[in-house]
Amino acid sequence: MRYWEACEAQVTAAEAIEECRKHGVTAVVSEADGALIDKDSGDVIGLPDRYGEFYGGDVLGFLGY
């Protein structure tokens, strides 16, 4: 997938968590609000849409791309 395609993609929590894992980030889904968070720092990586998916641009931005 090209960068611009990844930025526009909607990804599942499992896909986002796996991508974060590849970059050394332990991501988890918050039980309180469904947000994807960095387990170590507590920083919010992204918020789910109404379908429970995450915006690829949020994940890539958090990872520094």
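The values are calculated or read from the model by the stated rules, or taken from the named source; none is laboratory data. Bear in mind that the values here come from a model prediction, so they are computed numbers and not experimental data. Backbone-built Cβ (ideal geometry, glycine too); neighbour counts: all protein chains shown.
Within region 14-40, the residues that satisfy the criterion of being closer than 22 Å to residue 50 by Cβ and part of a strand (DSSP E or B) are 27, 28, 29, 36, 37. Scanning region 1-28 for residues that are touching a residue at least 40 places away in the same chain (Cβ under 8 Å) and within 10 Å of residue 59 (Cβ to Cβ), we see that the one that is surrounded by the fewest Cβ atoms within 10 Å (Cβ to Cβ) is 23. Just one of (1) among the hydroxyl-bearing types (Ser, Thr, Tyr); (2) at pLDDT 95 or above; (3) surrounded by 11 or more Cβ atoms within 10 Å (Cβ to Cβ) fails for residue 65. It is (2). Can you find even one residue in region 4-13 that is under 9 Å from the mean Cα position of the chain (by Cα), of a type in the set (Gly, Ala, Ser), modelled with pLDDT of 95 or more and not in a helix (DSSP H, G or I)? No, every residue in region 4-13 fails to be under 9 Å from the mean Cα position of the chain (by Cα), of a type in the set (Gly, Ala, Ser), modelled with pLDDT of 95 or more and not in a helix (DSSP H, G or I).
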